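S.K.: Encoded as C-alpha cells, here's the structure I'll be asking about.
All of the numbers you see were taken from the coordinates with simple rules; none came from a lab. All values reported here derive from a predicted model rather than from experimental measurement. Positions of Cβ are backbone-derived with ideal geometry, glycine not excepted, and every protein chain shown enters the neighbour counts.
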Amino acid sequence: MSEVIVVTSGKGGVGKTTVTANIGCGLAMLGYKVVLIDADTGLRNLDVVLGMENRIVFDLTDVIEEKCRLRQALIKDRRIEELFLLPTAQTKDKSAVTAKDMQDVCGQLREHFDYVIIDSPAGIEQGFQSAVAGAEKAIVVTAAEVAAVRDADRVVGLLDSLAEIRDPKLIINRLRVHMVQRGDMMSLEDMHDILGLELLGVIPDDESVVVATNRGEPVVTSENSISGRAFKNIVRRMLGESVPLMNLDHREGVFNRLRKIIGLG
Amino acid sequence: MLDFLARLLGRECPGSKNVAKERLRLVLVHDRADVSPQLLQLLKNDMVEVISKYIEIDEKGLDVTLERDDNQVALVANIPVKKMKRVAGNLA
Ligand SMILES: Nc1ncnc2c1ncn2[C@@H]1O[C@H](COP(=O)(O)OP(=O)(O)O)[C@@H](O)[C@H]1O
Ligand SMILES: [Mg+2]
C-alpha cells in the first residue's frame with residue numbers, strides 16, 4: 001500500500017522543501033521505501049537540502065521527454081537506505097511538467113515505493129497544479145502569520161477543487177515559542193480554530209535547521225535538536241501513532257517557577 | 001501586586017496575536033465566499049435604498065456581514081427599524 005503525498009503552502013519560504021526532506025528522511029530511516037519528487041522546476045532546492053546536488057545526471061523533465069528511463073533519473077541517498085530523489089530541471093520553467101506528466105510519473109513510482117512525496121512550488125499556478133495532480137494526500141505547511149495562513153486556506157480550497165484532496169494535514173513551521181508566550185504570535189489552538197485542519201505537528205524556529213541545510217543533512221538525521229525531534233514525531237503521526245505534542249517551552253527559569261507559584265503555569 | 005505580576009508574566013494577552021486572529025477571520029470569510037468588503041458595502045447601499053421604500057430604517061445601526069459556520073457562509077443583516085411606512089404607493 002503506497003501513498004502519494006504533496007507538500008504545499010501557497011506562500012513561499014515557509015518550509016515546504018525542509019518539511020519534504022525531513023519527513024522523507026524520517027520515513028526512510030524507519031525502513032520505508034521513499035522517493036521525493038522535486039516539483040519546483042526552475043528553482044530546484046530539494047537536491048541541495050538533501051546534499052545530492054553534485055550527483056544529478058538526469059531529471060524529471062528528461063524522463064518526460066523520454067531522454068532517459070525513470071529509474072535512471074532517481075538518485076539514491078548515500079546514508080539512508082531506501083531514500084531516493086527525483087530531481088527536476090533548474091534551467092527550464094514550470095511548463096515543462098504538466099499535470100498529466102505528474103500523474104504518469106507518480107503512477108509508476110507508487111508501484112515501487114511505500115511513499116512518494118512531492119515538494120510543490122510556491123504559488124497556485126501551473127507548477128502547483130501539476131505538483132498536486134498526481135497526489136492523493138496533502139500536507140499544508142504554514143507559519144503562524146496572517147499572510148501565510150491566508151495563503152494556506154486558499155490552497156486548502158484548491159486542493160479540494162483541483163485534486164479532490166479533502167482532508168489535508170497541517171504542519172506549523174518556524175513557531176517562535178517566546179513570541180507565542182508574550183501574545184505576539186498565534187498559538188496552535190488559534191491556528192486550529194481558524195483553518196480547521198488536523199494538526200500533524202509543529203516545528204519550532206530552530207537554528208539547527210539552517211545548520212543542517214548548510215551541511216546538506218536534514219535535521220531529522222541528527223540526534224539532539226528539538227526540530228529534529230519534532231520531525232520524528234511528525235513521522236510517527238503519519239504512521240498512525242498518537243504522539244502528544246512536544247513541550248516546546250524550555251525556559252524552566254525563575255519566570256516559570258513564578259508562574260506556577262501564582263497559578264498561571 | 002499579583003495583578004501586576006500576572007500581566008508581567010503574560011496571562012492577559014496584550015500582544016498582537018489577537019489582532020492577527022481577528023483580521024484573519026474576517027479576511028478568510030471574504031476570501032472563501034469570494035466577496036470583498038467593498039462589494040459588501042455596495043450591497044449595503046442598495047439594500048438601504050430598497051428597504052427605505054418600505055420601512056424607515058436606522059442607517060447608522062445597519063450591520064451587514066458574512067458569517068461562516070463550518071462549510072456554510074451566510075449573509076447576515078441586522079437592520080434597526082424606526083417605523084413602517086405607508087407602502088401602497090410604492091407597491092403600485
Ligand atoms: N523550523 C525552521 N527553523 C529555522 N529555519 C527554517 C525552518 N524551516 C525552514 N527554515 C529555513 O527557511 C528557509 C525557507 O525554507 P524552505 O524549506 O526552502 O521553504 P519553501 O520550500 O517553502 O520555500 C530556508 O532557509 C530554511 O532553512
Ligand atoms: Mg521550496
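S.K.: Projected onto the charge dipole of the protein assembly as shown (+1 at Lys/Arg Cβ, -1 at Asp/Glu Cβ, origin at the Cα centre), which of A:L239, A:A163, A:L43 gives the Cα projection farthest towards the positive end?
M.R.: Of the listed residues, the answer is A:L239.
S.K.: Sticking with this one: Dipole size in debye (nearest 20) for region A:75-180 around its Cα centre, Lys and Arg Cβ +1, Asp and Glu Cβ -1?
M.R.: My answer is approximately 340 debye.
S.K.: Could you give the length gained on full extension between A:E136 and A:E198, defined as 0.36 nm per residue of separation minus the Cα-Cα distance, in nm?
M.R.: Extra length from A:E136 to A:E198 when fully extended: 20.7 nm.
S.K.: In the Gaussian network model of chain A, springs joining C-alpha atoms below 10 Å, which of A:V132, A:V57, A:V34 carries the largest mean-square fluctuation?
M.R.: Answer for the Gaussian network model of chain A: A:V57.
S.K.: Among DSSP beta bridges whose residues both lie in region A:3-261, state the antiparallel percentage, nearest 5.
M.R.: The antiparallel proportion sits near 5 percent.
S.K.: Taking the Cα centroid of region A:143-178 and of region A:86-129, what is the distance between the two, rounded to the nearest whole Å?
M.R.: Each part's Cα centre sits 20 Å from the other's.
S.K.: Run the dipole for the protein assembly as shown about the Cα centre, Lys and Arg Cβ at +1, Asp and Glu Cβ at -1, nothing else charged, and hand back the magnitude in debye, nearest 20.
M.R.: Here the protein assembly as shown has a charge dipole of around 860 debye.
S.K.: Follow-up. Straight-line reach from B:K83: which lysines have Cα under 29 Å away, leaving out those fewer than 8 places along the same chain?
M.R.: B:K44, B:K53, B:K60
S.K.: How many nm is it between the label spots at A:K92 and A:H112, if each spot is 7 Å from the Cα in line with the beta carbon?
M.R.: Each label point is offset 7 Å from its Cα along the Cβ direction, giving 1.9 nm.
S.K.: Hey, any idea what Rg/Rh is for region A:1-90, computing Rh the Kirkwood way over Cα pairs?
M.R.: Looking at region A:1-90, the ratio lands at 0.94.
S.K.: Hey, rough spin-label estimate for B:L40 and B:L75, points 7 angstrom out along Cα→Cβ, what's it come to in nanometres?
M.R.: Between B:L40 and B:L75, the label points sit 1.3 nm apart.
S.K.: Hey, which lysines would be in cross-link range of A:K232, C-alpha to C-alpha under 27 Å, not counting anything within fewer than 8 residues on its own chain?
M.R.: By straight Cα distance, A:K232 reaches A:K11, A:K16, A:K33, A:K76, A:K137, A:K169.
S.K.: What would the Debye equation give as log₁₀ I(q)/I(0) for the protein assembly as shown at q = 0.12 Å⁻¹, counting only Cα atoms as equal point scatterers?
M.R.: -0.91
S.K.: Expected output is a single nm value to one decimal: the length gained when fully extending between A:N247 and A:Q103, i.e. 0.36 nm times separation in residues minus the C-alpha distance. What is it?
M.R.: Full extension from A:N247 to A:Q103 adds 47.9 nm.
S.K.: Same structure again: Let me have the relative contact order for region A:1-156, percent, based on Cα pairs under 8 Å that are six or more residues apart.
M.R.: Once divided by the residue count of region A:1-156, the mean separation gives 41 percent.
S.K.: Using a Förster radius of 45 Å, what is the FRET efficiency between A:M1 and B:V48 based on their Cβ-Cβ separation? Nearest 0.05, please.
M.R.: Here the calculated transfer efficiency is 0.15.
S.K.: What nm value, rounded to one decimal, do you get for the distance between A:R182 and B:D63 when each label is placed 7 Å out toward the C-beta?
M.R.: With each label point 7 Å from Cα toward Cβ, the separation is 3.4 nm.
S.K.: To the nearest 0.05, what FRET efficiency results for B:K82 and B:E22 with a Förster distance of 35 Å applied to their C-beta separation?
M.R.: Approximately 0.65, to the nearest 0.05.
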